[in-house]
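Take a look at the structure set out below.
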Amino acid sequence: MRITISDIKADVGSIAGHCRPHPLQLEAAKKVLKEAVDKGTIIDFYVTRVGDDIHLIMTHDKGEDHPDIHGIAWNAFKEATSVAKKLGLYAAGQDLLSDAFSGNIRGLGPGAAEMTFEERPAEPVVILMADKTEPSAFNLPLARIYADPFTTTGLVIDPRLHDGFIFEVVDVIDHKRIKLSTPEELHDLLTLISDTTRYAIKRIFSKNEKIGIAAVVSTEKLNITAGRYVGKDDPCAILRAQSGLPAVGEILQPFMFPHLVAGWMRGSHHGPLYPCCVDDSDPTFFDGPPRLVAIGFQIKEGRLVGEENPDSSPVGEHKPIDYFKGSVFDHARRIAAQIAEYMRRHGPFMPEIVPPEELEYTTRPSVLKKLEERMEKL
Ligand code: F6R
Ligand code: MG
Ligand code: MG
């Protein structure tokens, strides 16, 4: 069976700062998705959040970029925005940049990661959801997972992974893309994706055509989409696992190292990526540090399967694995908290703050203009 899994996300308002959505917003979104199941437009869904972002995870047979699926997401975010406005939540409707939906959410504000594949007899899927950072924050961990044999031993000892993977990289400024094959082109790949201001991994493919797509990342650049800063383009990614693809444990391993990413307060700082469970994803220290949640499902004939009892659970109610809940990741969290505190001691100085051209908020042009006349030639 060929199915599509879509994770469409947006920040449409939250309680007491850019912190977490109200439960009534999640309920409003679920109602729209439940109706879509009843109508047969989607097969299954799960609504969750990381920090202030609502994630609509949907399975269906419509393929990627389908107007019906994007329309459902748009309506769900509209309903969640109405709740936000009614309750007076902060930044109500922030990511809905247009009043009118025209068939596709790309370019309108929400982010989307979508992939289509032939479902394997057992299909484990991991969904990564980050708050207060950008899509290229996934470049380093994805390179480790799919191209680094010191992370994924499967690349060395599993004949099904031994040939490596194909990376599709996008240039988010010039809107171009390129495919690079690893391990042959690993160094070229790293030349591009180590520049996280410009290049982001969009998709990764298995070289085994029967398996097809391995991973996909949302790569919308909100600040560029809107032509002005309206909110960080907090990313998500969908990764299929096991049986010829990296194991779940290989997917999660890189996050034991809380690498520095851009985002955090006012989208303008560098901070460590803090792996945590959904409930711990409120960005509480200087609006962060940037949060990462990983949840896991099996997929069976398009249905999402977690710990719930499918015979008695209402549609859309699932209990996925919340991978970073476990105590082993306390180690990464402690390191991340130390790095966060160390970085903060730099205050508004680089490299804690991003370079001038990357600032999401800036007073530079007006300050430079004001001081222009007093600037003396040396
Ligand atoms: C970053 C983020 C927050 C806000 C910050 C200032 O993605 O959402 O860090 O940028 O709280 O928010 P405003 O300008 O709304 O007061
Ligand atoms: Mg926000
Ligand atoms: Mg957010």
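Among the residues in the range 300-310, are any at pLDDT 95 or above, touching a His at 6+ places or on another chain (Cβ under 6 Å) and not charged (D, E, K, R)? Among the residues of the range 300-310, at least one is at pLDDT 95 or above, touching a His at 6+ places or on another chain (Cβ under 6 Å) and not charged (D, E, K, R), which makes the answer yes.
Here residue 351 meets the list (1) at pLDDT below 95; (2) assigned to a loop (DSSP other than H, G, I, E, B) almost entirely, failing just condition (1).
Strands (runs of 3 or more DSSP E) fully within the range 259-300 that include at least 2 residues being within 16 Å of ligand 1 (Cβ to nearest atom) and over 15 Å from the mean Cα position of the chain (by Cα): 269-272.
Filtering the range 187-201 to residues that are touching a residue at least 60 places away in the same chain (Cβ under 8 Å) and within 14 Å of residue 167 (Cα to Cα) leaves 199, 200, 201.
Consider the range 304-327 and keep the residues that are in contact (Cβ under 8 Å) with a residue 60 or more places away in the chain and part of a helix (DSSP H, G or I). The one that is surrounded by the most Cβ atoms within 10 Å (Cβ to Cβ) is 324.
So, residue 167, is that one in a strand (DSSP E or B) and crowded, with 21+ Cβ neighbours inside 10 Å or not? It is true that residue 167 is in a strand (DSSP E or B) and crowded, with 21+ Cβ neighbours inside 10 Å.
Of these, 203, 106, 144, which one is outside any loop (DSSP other than H, G, I, E, B) and within 15 Å of the chain's Cα centre (by Cα)?
From the options 203, 106, 144, the qualifying one is 203.
Write out, first by first residue and then by second, each pair whose Cβ atoms fall under 6 Å of each other, whose residues are 6+ apart or on separate chains, and whose first residue, in the range 143-167, is under 20 Å from residue 192 (Cβ atoms) while the second is among the basic types (Lys, Arg) and surrounded by 15 or more Cβ atoms within 10 Å (Cβ to Cβ). Sorted first by the residue in the range 143-167, then by its partner, the pairs are 151/144. In this structure, is residue 182 closer than 17 Å to residue 235 by Cβ and out of contact with any Pro (no Cβ under 8 Å at 6 or more places or on another chain)? Criteria not met by residue 182. Has the range 122-130 got at least one residue that is modelled with pLDDT of 95 or more, small (Gly, Ala, Ser), surrounded by 15 or more Cβ atoms within 10 Å (Cβ to Cβ) and within 16 Å of ligand 3 (Cβ to nearest atom)? Within the range 122-130, one or more residues are modelled with pLDDT of 95 or more, small (Gly, Ala, Ser), surrounded by 15 or more Cβ atoms within 10 Å (Cβ to Cβ) and within 16 Å of ligand 3 (Cβ to nearest atom). Given the criteria crowded, with 16+ Cβ neighbours inside 10 Å, in contact with a strand residue (DSSP E or B) (Cβ under 8 Å, 6 or more places away or on another chain) and farther than 13 Å from residue 219 by Cα, does residue 148 qualify? For residue 148, the condition - crowded, with 16+ Cβ neighbours inside 10 Å, in contact with a strand residue (DSSP E or B) (Cβ under 8 Å, 6 or more places away or on another chain) and farther than 13 Å from residue 219 by Cα - is not met.
Residue 43 falls short on exactly one of the conditions (1) farther than 17 Å from residue 125 by Cβ; (2) more than 16 Å from ligand 1 (Cβ to nearest atom), and that condition is (1).
The residues in the range 50-89 that are surrounded by fewer than 16 Cβ atoms within 10 Å (Cβ to Cβ) and within 11 Å of ligand 2 (Cβ to nearest atom) can be counted, and the count is 0. You will find that of 291, 333, 266, the residue that is within 14 Å of ligand 3 (Cβ to nearest atom), among the basic types (Lys, Arg) and surrounded by fewer than 22 Cβ atoms within 10 Å (Cβ to Cβ) is 266 and no other.
The values are calculated or read from the model by the stated rules, or taken from the named source; none is laboratory data. None of the values given here were measured: they were computed from a predicted structure. Glycine also receives a Cβ, built like all others from the backbone with ideal geometry; neighbour counts cover every protein chain displayed.
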